[in-house]
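Input: a single structure, listed below in structure tokens.
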Amino acid sequence: MIEFKGVSKKYSGNMIALSNINFFIDKGEFVFLVGPSGAGKSTILKLILKEEGPSSGEILVNGYDVTHMKPGDIPYYRRKLGVVFQDYKLLPEKTVYDNVAFALIVTGAQGSAIRKQVPMVLSLVGLSDKAYRYPRELSGGEQQRAAIARALVNNPTILIADEPTGNLDPDTAWGIMELISEINRRGTTVLVATHAKEIVTNMKKRVISLHKGNIVRDQTRGVYSDVVK
Amino acid sequence: MSLSNIRYYFKEGFSNLWHNRVMTIASISSVIAALFMLGIFSAMILNVDNIVSQIESQIEIRAFLKDDLSEENIKLLDAGIKSVEGIKEVTYESKEQALENFKKQLGDRSDLLAGLEGDNPMPASFIIKTTSPQVIESVVNAIKGMEGIDQVRYGKDIVEKILNLTYVIRIISLVLIVILIIISVVIIYNTIRITVYARRREITIMRYVGATDWFIRWPFIIEGAVLGFAGTIAALAILRISYSYAVEYLTRSFFVFGLLPASVVIDNIFLMLLSIGLIIGIMGSTLSIHRFLKV
């Protein structure tokens with residue numbers, strides 16, 4: 001489902017973001033990507049999303065050879081990946097409904113499909129009654145739910161979340177993680193990059209720990225621990 | 001490309017124009033300025049061309065004949081001249097006709113020529129018109145060498161002056177037009193860049209959820225095309241009105257006649273201006289989104 005084979009990423013100025021990363025994430029898994037800032041979590045997500053290419057190594061996702069993908073194939077590849085960010089990235093001038101529908105419209109979806117899909121995902125994330133509110137009228141947790149709805153509306157096989165609870169208080173954060181777990185139980189592969197120690201330790205999922213561009217630990221049912229080598 | 005996509009592109013394109021009203025007006029104004037100037041120069045060129053072709057049609061070559069040529073020789077010469085390439089018309093003027101014409105020109109003072117009938121000093125000649133001014137030189141050279149031709153004269157200076165004048169006008173207008181077009185492209189480039197920048201969050205999200213580059217581009221291309229189109233139509237309208245006034249004024253106050261009517265000028269430049277306007281708009285927008293879609 002997601003496979004990194006000997007992946008390294010160097011930025012200009014010889015800054016090494018990742019060195020020789022190897023891991024395999026199977027269909028339906030729930031994986032945390034943890035580590036301090038600058039450990040390489042975001043770089044891994046960027047490589048999966050094909051925002052950047054690796055300096056060396058191979059990346060396979062959903063049967064796509066991401067490393068050698070033609071630029072024209074990238075949009076179609078991304079439609080099978082749902083992405084959630086720390087800052088939600090909702091469009092302020094659009095309602096919740098329109099923000100979610102936007103993800104379908106830009107893929108050229110039919111109006112009938114949009115009218116069916118959007119209410120479905122909004123009810124899944126528990127925002128049916130806030131569909132016609134604007135993002136500024138919602139709490140942080142509700143905004144993140146809207147963003148998750150947008151990520152799910154294209155029926156992705158993989159959900160990628162970059163610090164999804166980073167801006168939320170602990171109680172709200174738990175709600176979001178429960179929602180993501182629920183999505184995982186329905187069959188979507190989930191990859192979450194996070195700092196949230198307590199959540200990672202309590203959820204007992206697979207944890208890949210990064211430190212200075214290296215994988216220092218990869219445990220099923222793992223915990224978050226500060227690794228200093 | 002489905003119908004709902006096209007509707008989306010136009011809706012977004014026009015909403016960009018509306019959200020960015022000030023720059024929209026600035027861009028349209030710059031297109032108007034550029035294309036209005038382009039229109040003025042085109043109108044000038046069309047009129048100069050028209051005047052030139054009128055003058056050109058009046059330019060004639062005169063080949064004077066040696067005295068004492070037999071009727072037969074003259075006929076041979078006539079046939080010889082007619083066979084030269086680029087000849088439109090050849091007329092023969094006999095010695096007698098030449099004297100008559102000269103008398104007519106002198107009018108009241110024709111008595112000066114009295115008594116010359118017996119010993120007519122005027123030479124017979126062929127009056128030759130060519131198909132275009134460009135071939136005059138070669139025709140003259142061909143005729144000069146013919147048996148029985150004494151001298152060949154033509155309005156060499158006038159021809160050259162006219163050709164030079166049209167050439168200079170064309171070059172100056174071309175340079176100015178290119179500069180104005182570049183300015184318009186730059187202004188549209190900046191306008192679209194501002195909308196692209198204002199919508200960068202949206203573009204980022206579009207990329208994450210899998211919009212194709214063309215899907216992202218179309219609204220901006222439409223925005224640019226609308227700027228170009230609107231500017232062109234306005235420029236043509238202003239041109240039509242101001243040109244009509246200019247023709248009327250020149251005719252009435254300076255007795256300049258023979259200027260082309262506005263409708264002829266507009267008909268001639270309509271498609272050219274419209275294509276240039278659209279190209280300016282599309283080029284400006286394409287350039288400005290190019291950078292944003294590199295990732």
- Message: Suppose the filter is modelled with pLDDT under 95, basic (Lys, Arg) and surrounded by fewer than 18 Cβ atoms within 10 Å (Cβ to Cβ); does residue A:133 pass it?
- Response: no
- Task: Write out, first by first residue and then by second, each pair whose Cβ atoms fall under 6 Å of each other, whose residues are 6+ apart or on separate chains, and whose first residue, in region B:197-222, is more than 9 Å from every other protein chain (Cβ to nearest Cβ) while the second is of a type outside the set (A, V, I, L, M, F, W, C).
- Result: B:218/B:9; B:219/B:9; B:219/B:12; B:219/B:13; B:220/B:285; B:221/B:285; B:222/B:9; B:222/B:13
- Message: Quick check on region B:15-39: of everything there that is surrounded by fewer than 20 Cβ atoms within 10 Å (Cβ to Cβ) and aliphatic (A, V, I, L, M), which residue is nearest to residue B:171 (Cα to Cα)?
- Response: B:37
- Single residue of A:92, A:135 found to be in contact (Cβ under 8 Å) with a residue 24 or more places away in the chain, within 10 Å of another protein chain (Cβ to nearest Cβ) and closer than 21 Å to residue A:161 by Cα: A:92
- Task: Output the residues belonging to region B:56-101 that are of a type in the set (Val, Ile, Thr), touching a Gly at 6+ places or on another chain (Cβ under 9 Å) and in a helix (DSSP H, G or I).
- Result: B:74
- Item | Of all residues making up region B:145-178, the number that are under 23 Å from residue B:62 (Cα atoms) and in contact (Cβ under 8 Å) with a residue 60 or more places away in the chain | 13
- Taking residue A:17 as meeting all but one of (1) within 14 Å of chain B (Cβ to nearest Cβ); (2) more than 26 Å from residue A:121 (Cα to Cα), write down the number of the exception. (1)
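The values are calculated or read from the model by the stated rules, or taken from the named source; none is laboratory data. Note that the structure is predicted; figures quoted are calculated from it, not measured. Positions of Cβ are generated from backbone atoms using ideal geometry, with glycine treated the same way; all protein chains shown enter the neighbour counts.
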